[in-house]
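Written below as structure tokens is the structure these notes are about.
We did not get these values from a lab; they are worked out from the coordinates using the rules stated. Since this is a predicted model, take the numbers as computed values, not measurements. Neighbour counts run over all protein chains shown; Cβ positions are idealised from the backbone, glycine included.
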């Protein structure tokens, strides 16, 4: 039995488990990144559980990812939210990293909102800024669609000319204006990690047009596009890379900066979701 068939059977089993607990289909999925799990305080929770208690679900091994599934309502919309994600650098395969996206697909999620913590490459950015992702560069060397394709999940060659939904991005920018939060726009470069970037790598990333860099998001977005979801990506810029004057990046400082941005992330998501017409 191939890995795709095994994964699909597990997805159906997991989706059935969640559906029995909630009794309704969530329309919006939210996936939070490093230090950003607390950006979901406005959700009226009807069901929650640890990842370890969900059949077939991977378990987050990163301390800044709580590893908790929340189901409830957010601005009167049914929501499935994940506090913490999975990464290739943890040893998970692309199919495992994107397993939650396939579960969301099986449950009927049509809109996907992803957040992450990212290093800034654009000199116009500052730590604590929020960047709306307008495009990405996949430098992980992996793709969750490699191998056999299941047509019930999506087409063999999904179009990636607009992986991030323009209307959702503009809605986020407008939400920021209403809240007095300046949102940047930019291209996110996804690396495998977990080692941070060398000065030469930073120069390379800036040369190819990246504005921010991180170790997540691109796998989930590819799977989400394959699943026909509309996607909004938000990066919290936790530090700025200067290859001409490099300084060490302390993970605790990165997590702290991301954590301080959670009220802004939540305010933006709240307004974006409020304007979504299911």
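To the nearest 0.05, how large is the calculated FRET efficiency for residue 160 and residue 208 if R₀ is 25 Å and r is the Cβ-Cβ distance?
On the way: r = 16 Å, r/R0 = 0.65.
About 0.95, to the nearest 0.05.
When DSSP assigns beta bridges and you keep just the ones with both residues in the chain, what percent turn out antiparallel, to the nearest 5? Before the final figure, lay out each step's value.
On the way: 18 of 48 bridges.
Around 40 percent antiparallel, to the nearest 5.
Compute the helix-to-body angle for 251-260: its Cα long axis versus the longest principal axis of the chain, expressed 0 to 90° and rounded to tens.
70 degrees
For residue 275, put the label point 7 Å out on the Cα→Cβ axis and report which residues of the stretch 161-180 keep their amide N under 12 Å from it.
167-179
State, to one decimal in nm, how far the label point of residue 4 lies from the label point of residue 195, with both points 7 Å from Cα in the Cβ direction.
3.4 nm
Using 0.36 nm per residue of separation minus the Cα-Cα distance, give me the extension gain between residue 182 and residue 149 in nm, one decimal.
Working: separation 33, 0.36 × 33 = 11.88 nm, distance 4.06 nm.
Here the segment from residue 182 to residue 149 would lengthen by 7.8 nm.
Contour minus end-to-end for residue 21 and residue 245, with contour as 0.36 nm per residue of separation and end-to-end as the Cα-Cα distance? Each step should come with its number before you reach the end.
Details: separation 224, 0.36 × 224 = 80.64 nm, distance 5.24 nm.
Taking 0.36 nm per residue and subtracting the Cα distance, the gain is 75.4 nm.
Please compute the modelled spin-label separation between residue 253 and residue 137, points set 7 Å along Cα→Cβ, answer in nm with one decimal.
Modelled inter-label distance: 2.5 nm.
Which length gain, in nm to one decimal place, applies between residue 170 and residue 12 when the Cα-Cα distance is subtracted from 0.36 nm times their residue separation?
Details: separation 158, 0.36 × 158 = 56.88 nm, distance 3.40 nm.
Extra length from residue 170 to residue 12 when fully extended: 53.5 nm.
Before anything else, pin down the relative contact order of the chain: Cα pairs under 8 Å, at least 6 apart, normalised by residue count, whole percent.
Working: 562 pairs, mean separation 71.4, N = 278.
Across the chain, relative contact order equals 26 percent.
If you build the convex hull over the alpha carbons only and average its shadow over all orientations, what do you get for the stretch 166-278? Give it in nm² to one decimal.
On the way: hull surface 32.9 nm².
Spelled out: convex hull of the Cα atoms, projected over all directions, averaged, 8.2 nm².
Given the options 152, 247, 195, which has the most mean-square fluctuation in a GNM of the chain, springs set between C-alpha atoms less than 10 angstrom apart?
Checking each option, the largest mean-square fluctuation is seen for 152.
When ranked by the protection proxy of mean other Cβ atoms within 10 Å per residue, highest first, what sequence do the peptides 110-121, 90-101, 132-143, 174-185 form?
On the way: 110-121: 25.8, 90-101: 21.1, 132-143: 17.7, 174-185: 15.5.
Ranking the peptides 110-121, 90-101, 132-143, 174-185 by packing returns 110-121, 90-101, 132-143, 174-185.
Specify the angular offset, from 0 to 90 degrees and rounded to the nearest 10, of the alpha carbon long axis of helix 3-22 from the longest principal axis of the alpha carbons in the chain.
80 degrees
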